[in-house]
1. Residues of the range 154-198 being over 21 Å from residue 88 (Cβ atoms), part of a loop (DSSP other than H, G, I, E, B) and either among the acidic types (Asp, Glu) or open to solvent by 40 Å² or more (accessible area, probe 1.4 Å) (or both), which ones?
2. When the range 91-123 is examined, which residues are found to be over 17 Å from the mean Cα position of the chain (by Cα) and modelled with pLDDT under 95?
3. Of all the residues that make up the range 87-130, how many are among the aromatic types (Phe, Trp, Tyr) and more than 17 Å from residue 159 (Cβ to Cβ)?
4. Looking only at residues that are touching a helix residue (DSSP H, G or I) at 6+ places or on another chain (Cβ under 9 Å) and in a loop (DSSP other than H, G, I, E, B) in the range 110-134, which one is farthest from residue 167 (Cα to Cα)?
5. From the residues in the range 108-152 that are in contact (Cβ under 8 Å) with a residue 12 or more places away in the chain, open to solvent by 10 Å² or more (accessible area, probe 1.4 Å) and of a type in the set (Gly, Ala, Ser), which one is farthest from residue 60 (Cα to Cα)?
Amino acid sequence: MTPPNTTARRGVAPAGARASTLRARMALAAMTVLVLVLATTPAQAAPAPLLAPSAAPPFRVQDVQGHTLDLPELLRRGPVLLDFWATWCAPCVQALPELETWHRRYGPLGLTVVGVSVDGPRNFARVRPFVASRGLTFPVVLDRDGRLQQSYQVLAAPTAVLIDTSGAIVQVRTGYRPGEGVKFEDSIRALLRGAKTP
């Protein structure tokens with residue numbers, strides 16, 4: 001009498017086990033190919049930030065005090081400096097005193113400094129008291145829907161955008177390091193050259 005054929009030969013897996021192992025190897029090979037394809041396929045590039053010179057997208061927004069800021073109207077008065085920042089961003093906070101200095105020094109000569117808070121919805125309530133605690137007197141707006149960030153293609157905070165009276169972006173500064181504001185201030189002075197600068 002022949003015993004039941006549970007394993008045909010010693011050391012050889014039954015047909016079902018061999019098929020399962022083959023499926024696992026094929027799946028692993030397919031995953032390897034997929035990883036290689038993804039690794040060698042260039043990622044879709046993020047939109048490049050706006051570079052000077054380019055046209056500044058117009059906007060009409062309200063600041064945290066409820067005043068309406070309209071870019072074309074502001075530009076009739078003089079150049080505009082937009083600074084995209086957040087309360088949680090250390091370099092942004094370091095740059096705020098410099099912005100306040102420029103606002104006080106060049107505001108009477110026509111420069112408008114506008115802070116654009118890119119804080120998320122959780123921090124919106126913190127922005128107004130934060131601004132007050134730092135003694136900032138330039139207008140600050142909340143970019144609640146991210147529309148300003150998107151239209152100005154802001155990819156990092158802080159980002160400062162200097163706009164001349166024709167509506168052209170003349171300089172963009174991404175990031176902040178103490179002492180680097182001299183070049184940016186020179187650009188502000190150049191735009192205000194017709195006026196008497198301090």
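1. Kept after step one, since they are over 21 Å from residue 88 (Cβ atoms), are these residues of the range 154-198: 162-172, 179-198.
So of that shortlist, the ones also part of a loop (DSSP other than H, G, I, E, B) come out as 164-167, 179-180, 192-198.
The answer is 164, 165, 166, 179, 180, 193, 194, 196, 197, 198.
2. If the condition is that a residue be over 17 Å from the mean Cα position of the chain (by Cα) and modelled with pLDDT under 95, then 122 is the only one that fits.
3. Going residue by residue through the range 87-130, those that are among the aromatic types (Phe, Trp, Tyr) are 88, 102, 106, 124, 130.
Adding the requirement that they be more than 17 Å from residue 159 (Cβ to Cβ) leaves 106, 124, 130.
Adding up the residues that qualify gives 3.
4. 134
5. Restricting to residues being in contact (Cβ under 8 Å) with a residue 12 or more places away in the chain, open to solvent by 10 Å² or more (accessible area, probe 1.4 Å) and of a type in the set (Gly, Ala, Ser), the top hit is 135.
The values are calculated or read from the model by the stated rules, or taken from the named source; none is laboratory data. Every value quoted in this text rests on a predicted model; they were computed, and no experiment measured them. Because the Cβ atoms are built from the backbone with ideal geometry, glycine has one as well, and the counts that use them run over all protein chains shown. Ligands, DNA and RNA are stripped out before the accessible areas are found, and what is left, the full protein with its side chains, is counted by its heavy atoms. Shrake-Rupley method; radii C 1.70, N 1.55, O 1.52, S 1.80 Å.
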